[in-house]
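Remarks on the structure that follows.
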Amino acid sequence: MIICGVELTGSDAVICLLNLDQGQFSLPECKVRKLALKKNHTRDDLLDFQAAFAALMSEYGVQKVVIKERMPKGKFAGGAVSFKLEATIQLISIGNLEVDTISPAVIKSTLAAHPLPIPFAETGLKVFQETAFTVAYVGHMAK
């Protein structure tokens, strides 16, 4: 099963694909590392972002998207645009694509119970994809 981990930062959705097949993890090659929402944040811009995200999920056969939940208020609160992006992703209706959010507390407890099998530095991913990778891994392990 291929899971797409997503970290929403500002007007970007940083992504990482992670496949689990017969107990073995692999990182499918993906031409896109992040998708950006245009600066205007209009309805059409959101629809374009949604279409691009949905097309990417279809192209790579992603069955599940897992988004790192952001806090609505406080020191680590997410911005308004990131909540728009989350809603846009959650409303994608292609095939049997499942979209979930995972809280930082669930991420922390899952990693404590199931530590990452390899150090992130050995994955070959870009540094900014680390959270998306972790979210995808937790998406597989938190079942």
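Assorted remarks:
- In the frame of its principal axes, the range 2-141 has Cα extents of 41, 37, 26 Å, reported largest first.
- Where N is the number of residues in the range 50-113, Cα Rg divided by 2.2 N^0.38 Å: 1.26
- Note: relative contact order over the range 58-143, using C-alpha pairs below 8 Å and six or more positions apart, is 38 percent.
- Helical runs assigned H by DSSP (4 residues or longer) give the chain a calculated mean residue ellipticity at 222 nm of -11000 deg cm²/dmol, each run adding -39500 (n - 2.57) before division by the residue total.
- With a cut-off of 20 Å on the backbone N, the residues of the range 4-26 near the modelled label site 7 Å out from ASP45 along Cα-Cβ are 7-15.
- Approximating the spin labels as points 7 Å out from Cα along Cα→Cβ, the GLU29-to-ALA105 distance works out to 4.2 nm.
Any read-out appearing in this document is the output of simple, stated calculations on the displayed coordinates, not a laboratory observation. None of the values given here were measured: they were computed from a predicted structure. Don't worry about glycine lacking a Cβ; one is built from the backbone with ideal geometry, like all the others, and counts go over all protein chains shown.
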